[in-house]
Amino acid sequence: MAAKILVILLLAAASPAVLAAFDVMQMLADKPRYATFSKLLQQTKVAGEANQLRAATLLVVPNKFVKSLASLPKDKLRPAVANHVLLSYFDPIKLDEMKTKTAILPSLLSNTDKKLGVLNYTRADDGQMYFGAPGASCAAKLVKVVAARPYSVSIMEVSEPILPAGFTSSVAAPGRRGKGGKDKIKPSGAGLEDSKMVARKPGEGVRGKVTKDVGSESETAAPSPGPAPF
Ligand SMILES: *[C@@H]1O[C@H](CO)[C@@H](O)[C@H](O)[C@H]1NC(C)=O
């Protein structure tokens, strides 16, 4: 009898729900700035997979720059979202401690696609840290730490989605064309936002300011003065 109970207890302890030491959805719950990304994490079930990892780093994208990811077709959405979850704990200090200035880091996508599921991490000469798909330019800038529990899980904001090779072209184009921005074409999430800004009324100064701040590290590293709580 006692042995039976013990077995049941051990089984319960080994079940995934109990093993999960962190809950990324919960860590993002009070952060409306990443609401769209959170929704994608849940919708694609990548959140659940991330929670099963012994250690993880989530690279999250704020709502207004997430479009090139959110607008992917269903079959590409899950792999692309999974590509934002690194399989180890990283924070800026740990990244800075790396001996090399650039490294190929496996993402959750590598579990299903070894070739696509890696990120190219690069530290620029000015100390800025970037992520990108290997072979593409490292365009997603590390903006700030959103939440961290050393050394199991960290959530960091990046300036734009990090799409696996071949995931971008057909998706970003219609959005840009749709906004009629022939003048401001940039192959990045920031470019999409710029087009949106053009369509916006000039009176909306606050959004304009926030967008501009993304360009400089000192501004964005500080808690934003906007409604997003940190
Ligand atoms: C990683 O990114 C850096 C900077 O963009 C680039 O110089 C390097 O060639 C990239 N490495 C790979 C394997 O793509």
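Read the figures in this text as sums done on the coordinates, not as results from a lab. If you're wondering where the values come from, they're calculated on a predicted model, not measured in any experiment. Because the Cβ atoms are built from the backbone with ideal geometry, glycine has one as well, and the counts that use them run over all protein chains shown.
Scan region 31-63 for residues that are farther than 17 Å from MET156 by Cβ and charged (D, E, K, R) and report the count.
4
Scan region 148-160 residue by residue and report those that are part of a loop (DSSP other than H, G, I, E, B) and within 16 Å of the ligand (Cβ to nearest atom).
SER159, GLU160
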